[in-house]
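All remarks here apply to the structure that follows.
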Amino acid sequence: MNEIIRKRKSVRKYDLTPLDASVLDKVRAQIEKVAPLFPDIRFCAEIANNVKGIFNVKAPHYLIFGSEEKDGAFENIGFIGQQLDLFFSESGLGSCWLGMAKPEEKTASALPHVISMSFGNPAEPLYRELSEFKRKPLSEISDGTDDRLEAARLAPSAMNAQNWYFAAENGEIRCFRKKTKSVLGFIYTKMHSVDMGIALCHIAKESKDFYFIKEENVSERKGYVYTGTVKNSAT
């Protein structure tokens with residue numbers, strides 16, 4: 001398994017000293033390199049110095065993710081953002097998804113805000129042992145056998161809820177997210193969809209070839225919504 005996936009953690013304590021301009025330039029360059037899950041969906045990822053909202057984390061910098069409102073937009077942002085989360089960890093920087101934090105000031109892009117991410121030099125251990133992950137066993141979130149499911153299991157999710165389910169068969173993985181019934185249904189649907197994109201990023205990192213396709217006539221799973229199937233070829 002990818003070494004960073006095996007040891008990354010969400011960092012919530014930072015050295016508040018701003019990063020050097022050269023480091024921020026590398027972050028901007030990395031943003032240009034990310035591979036979207038859905039290339040036809042316009043998105044943005046901008047660096048900001050402040051955010052507002054509950055469950056905020058004080059950090060020197062934040063990424064502000066925006067997207068056009070289109071089917072698959074939230075999964076796309078999760079997929080893109082997790083590539084950057086892994087980049088930060090590999091580069092010796094800490095980062096953390098912030099589901100309820102919004103930019104304090106207007107961003108350059110007019111695309112609607114989706115989610116934010118803190119980043120900077122960590123003021124706590126950057127990595128953890130595999131035994132320190134608090135995750136559900138594979139038997140609770142999947143059926144079938146596929147080595148990539150372990151990477152998905154280790155993916156971060158809102159409140160560590162892991163509201164996803166994976167059905168693996170013949171080298172393919174059908175992906176489902178949990179249905180929401182709360183009065184806050186839209187918020188939870190957004191977070192579960194972003195989480196799915198995050199998990200798909202981990203699956204992609206473990207795949208030689210990765211394609212995500214929405215199939216027709218997929219059997220329903222009670223309490224879940226089908227989001228797509230991971231395939232090893234485009235056909």
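The values are calculated or read from the model by the stated rules, or taken from the named source; none is laboratory data. Given the structure is predicted, the values throughout are model-derived calculations rather than measurements. Quick reminder, even Gly has a Cβ in these numbers, built from the backbone with ideal geometry, and neighbours come from all protein chains shown. Quick note on the areas: whole protein, heavy atoms, side chains included, nothing else; ligands and nucleic acids left out. Shrake-Rupley method; radii C 1.70, N 1.55, O 1.52, S 1.80 Å.
Once C-alpha pairs closer than 8 Å and six or more residues apart are averaged by separation and normalised to the residue number of the range 93-150, the relative contact order reads 35 percent.
Short-range pairs are left out: with C-alpha atoms under 8 Å and at least six residues apart, the relative contact order of the range 122-216 is 27 percent.
Couplings 3J(HN,Hα) of the range 116-130, computed from phi: 10, 8, 7, 7, x, 5, x, 10, 8, x, 6, 10, 9, 7, 4 Hz, in residue order, whole Hz [Karplus 6.51 cos²θ - 1.76 cosθ + 1.60, θ = phi - 60°; x for Gly and Pro]. List the GluC sites (Glu not before Pro) within the range 27-84 that fall in a DSSP loop (any state other than H, G, I, E or B) and whose Cβ has at most 13 other Cβ atoms within 10 Å. When the GluC sites (Glu not before Pro) of the range 27-84 are filtered for loop state and at most 13 Cβ neighbours within 10 Å, GLU69 remain. A DSSP coil position with no more than 16 other Cβ atoms inside 10 Å describes the following GluC sites (Glu not before Pro) in the range 166-235: GLU215, GLU216, GLU220. Take the Cα of LYS70, step 7 Å toward its Cβ, do the same at ASN49, and the gap between the two points is 3.4 nm. Can you classify the range 97-139 as rounded, prolate or oblate using the Cα gyration tensor, where a ≥ b ≥ c are the square roots of its eigenvalues, rounded means a/c under 1.5, and otherwise it's prolate if a/b beats b/c and oblate if not? Because a/c hits 1.5 or more and a/b fails to exceed b/c, the range 97-139 counts as oblate.
Membrane-span-like helices in the chain, defined purely by DSSP H runs whose alpha carbon atoms cover 15 Å or more axially and whose average Kyte-Doolittle hydropathy reaches 0.0, are 73-90, 185-205.
Dividing the mean sequence gap of close Cα pairs (under 8 Å, 6+ apart) by how many residues the range 1-149 holds gives a relative contact order of 33 percent.
Distance from the alpha carbon centroid of the range 36-97 to that of the range 153-213 works out to 16 angstrom. Were the residues from LYS179 through ALA21 laid out at 0.36 nm apart, the gain over their Cα-Cα distance would be 52.6 nm. Put a dot 7 Å past the Cα of ASN2, heading toward its Cβ, do the same for ILE187, and the two dots end up 3.0 nm apart.
On the chain, 48 percent of the accessible area sits on carbon and sulfur atoms, based on a 1.4 Å probe. What does the charge count near ASN170 come to, summing +1 for each Lys or Arg and -1 for each Asp or Glu among other residues with Cβ under 15 Å from its Cβ? Charge balance near ASN170 sits at -4.
Rounded, prolate or oblate: pick one for the range 129-235, where a ≥ b ≥ c are the square roots of the eigenvalues of its C-alpha gyration tensor, a/c under 1.5 means rounded, and failing that, prolate if a/b is larger than b/c, else oblate. Taking the square roots of the gyration eigenvalues as a ≥ b ≥ c, the range 129-235 is oblate.
Could you state the accessible area per residue of the chain in Å², with a 1.4 Å probe and every protein chain left in place?
Roughly 52 Å² per residue, with all protein chains present.
Here the peptides 146-157, 56-67, 104-115 are ranked by packing, the mean other Cβ count within 10 Å, and the order with the highest first is 56-67, 146-157, 104-115.
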